[in-house]
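Comments concern the structure below.
The values are calculated or read from the model by the stated rules, or taken from the named source; none is laboratory data. Just so it is clear, the structure is predicted and the values come from calculations on it, not from any experiment. Backbone-built Cβ (ideal geometry, glycine too); neighbour counts: all protein chains shown.
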Amino acid sequence: MSNRRTFLMGAAGAGVAAQKALSANDKLRIAVLGVHGRGKAHIEGIMKQPDAEVVILCDPDLSVARQRAGDFESKYGRKVAIEQDLRKVFDNKEIDAVTIATPNHWHALAAIWACQAGKDVYVEKPGAHNIYEGRKLVEAAHKYSRIVQHGVQLRSSAALQEAVEHLRKGTIGNVYMSRGLVFRWRPSIGKKGPEKAPDYLNYDIWTGPAQMEPYSKRIVHYNWHWTWNYGNGDVGNQGIHETDMCMWGLGVNTFPGKITAMGGKFLFDDDKQTPEVLSSVYLYPEQKKMIQFEVRPWCTNEEGGASVGNIFYGSEGYMVIKGYNTYEVYLGQKREKGPGRKEGGDHFANWIKAIRSRKPGEQNGPVETAHLASGLAHLGNISYRLGRQLHFDPAKEKFIGDSEADAMLARNYRAPYIVPEKV
């Protein structure tokens, strides 16, 4: 395998040029990175597209990769290659694009490396593990002219596109506040100590840019979500769909000026580090708008008929977003039923359309959403972890007079898995 540092040095000049030219009749050759969980949906989503195909499955856990390859052959009648090291995928000139369904701590670096290698990218939410690397991802996408689609599939829903049109034209009046809801059943993960990593797992690659911790089943595979080294809690997991919807619906395209968050662990004595319950408030003083966000882990009521979704409040009524593809409007003091619709969309098809046209403006989930929606969650988590209200400068993307909070905008990277200052 070529030296990664040498490869990156040459990527700016040669990476994009090396990508093979595609005619309208060629199928995009796509690799799926991370196939344990969400990656299964990526495989299915790409294989539904008439002008794209999955040709490589990549996962540091070879047992998972082999299982998915077997499933793939059974379902689609042909073999698919597997790789354990995503760097080999980036070095492969036959690959046009990648989808990234790794754990959160890998999202931005994998996407940046892919951009440098001339690959287009579909990256799962959150697009970044922290605010610094979210900004670097945006810079990389623009520098290398890559189509980077963020996995916020609500934006491809025909119903929710219509819902935002209603918010813009004043159907519920002056829209001043949005509320994000993430009420998911999250049981105890128990307590699991360190043990030897299995032979089929390359734990160094799995850990990647995170700091090395002893292997434990409390981390691999899914429960990394609840450990700060890898995940961002549920506000940075399921919640990114809703933070994105909050910002999209309100029409704000910057970070807030004031952030307050409180919460904690109240139910389970287990290995989770992130809060079970989290209440966050994000204030945009100049726009006179506000976002409220609630994460609840267990027995709870729905709000407006939604347990995962959004509520928008206006001077003439309110709108409820239910899940990924439904909205309802209620008007006036009597809450009279207004417009509503249920209809989804195809976020992968939208990405491939933009790849073909090379027009980022055609994307429903452009790279900027990966930075902003993810960053909103990160700001709430920082306020929670520091236990106080924070004041933020959206233009500089720094806290105001708060070096302690600024230190949490990035992380200490583990060589050679480093998000560079200059992408």
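Structural remarks
- In the stretch 51-62, the condition of being under 17 Å from the mean Cα position of the chain (by Cα) and modelled with pLDDT of 95 or more is met by no residue.
- Checking each residue in the stretch 102-127 for being more than 21 Å from Ala410 (Cβ to Cβ), small (Gly, Ala, Ser) and buried (at least 24 other Cβ atoms within 10 Å of the Cβ) picks out only Ala117.
- Matching entry among Thr300, Thr260, Thr274 (being of a type in the set (S, T, N, Q) and either touching a Leu at 6+ places or on another chain (Cβ under 9 Å) or in a strand (DSSP E or B) (or both)): Thr260
- Number of positions in the stretch 183-197 that are in contact with a helix residue (DSSP H, G or I) (Cβ under 9 Å, 6 or more places away or on another chain) and of a type in the set (Lys, Arg): 2
- Members of the stretch 292-310 found to be in contact with a Gly (Cβ under 7 Å, 6 or more places away or on another chain) and buried (at least 20 other Cβ atoms within 10 Å of the Cβ), listed by number: Phe293, Val295, Gly309, Asn310
- For the stretch 266-280, a tally of residues being farther than 20 Å from Lys398 by Cβ, in contact with a strand residue (DSSP E or B) (Cβ under 8 Å, 6 or more places away or on another chain) and either surrounded by 16 or more Cβ atoms within 10 Å (Cβ to Cβ) or not aromatic (Phe, Trp, Tyr) (or both) returns 5.
- Picking from residues in the stretch 26-57 that are in contact with a strand residue (DSSP E or B) (Cβ under 8 Å, 6 or more places away or on another chain) and among the acidic types (Asp, Glu), the one that is nearest to Arg87 (Cα to Cα) is Glu53.
- Residue count for the stretch 366-400, restricted to those that are in a strand (DSSP E or B) and over 23 Å from Trp226 (Cβ atoms): 5.
- Tabulated pairs, the stretch 137-164, first within 16 Å of Leu109 (Cβ to Cβ), second of a type in the set (Ser, Thr, Tyr), C-beta under 6 angstrom, 6+ apart or interchain: His150/Thr369
- Residue check for Ala81: surrounded by fewer than 20 Cβ atoms within 10 Å (Cβ to Cβ) and in contact (Cβ under 8 Å) with a residue 24 or more places away in the chain: yes
- The residue list Glu139, Glu213, Glu165 contains one member that is surrounded by fewer than 19 Cβ atoms within 10 Å (Cβ to Cβ), modelled with pLDDT of 95 or more, out of contact with any Lys or Arg (no Cβ under 8 Å at 6 or more places or on another chain) and assigned to a loop (DSSP other than H, G, I, E, B), which is Glu213.
- Looking across the stretch 174-206, the residues that are β-branched (Val, Ile, Thr) and either closer than 17 Å to Ala65 by Cα or in a loop (DSSP other than H, G, I, E, B) (or both) come down to Ile189, Ile205.
- Thr326 vs. criteria surrounded by 17 or more Cβ atoms within 10 Å (Cβ to Cβ), modelled with pLDDT of 95 or more and assigned by TED's automatic domain parsing to the domain that holds Asp244: yes
- Only listed residue being in the same structural domain as Val123 (by TED's automatic domain parsing), under 16 Å from His221 (Cβ atoms) and touching a Cys at 6+ places or on another chain (Cβ under 7 Å), chosen from Leu57, Leu33: Leu33
Quick grid of which residues meet (1) of a type outside the set (A, V, I, L, M, F, W, C); (2) out of contact with any Phe, Trp or Tyr (no Cβ under 7 Å at 6 or more places or on another chain); (3) part of a strand (DSSP E or B); (4) under 18 Å from Gln161 (Cα atoms):
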{"residue": "Tyr313", "(1), (2), (3), (4)": "yes, no, yes, yes"}
{"residue": "Gln333", "(1), (2), (3), (4)": "yes, yes, no, no"}
{"residue": "Gly344", "(1), (2), (3), (4)": "yes, no, no, yes"}
{"residue": "Trp351", "(1), (2), (3), (4)": "no, no, no, yes"}
{"residue": "Gly361", "(1), (2), (3), (4)": "yes, yes, no, yes"}
{"residue": "Asn364", "(1), (2), (3), (4)": "yes, yes, no, yes"}
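- Residue selected from the stretch 350-362 under the condition in contact with a helix residue (DSSP H, G or I) (Cβ under 8 Å, 6 or more places away or on another chain) and crowded, with 17+ Cβ neighbours inside 10 Å, by the criterion farthest from Gln49 (Cα to Cα): Pro360
- Only listed residue being free of Cβ contacts under 8 Å to residues at least 24 places away in the same chain and under 20 Å from the mean Cα position of the chain (by Cα), chosen from Lys334, Lys322, Lys353, Lys396: Lys322
- Within the stretch 216-231, the set of residues being in contact with a Pro (Cβ under 7 Å, 6 or more places away or on another chain) and not in a loop (DSSP other than H, G, I, E, B) comprises Trp224 only.
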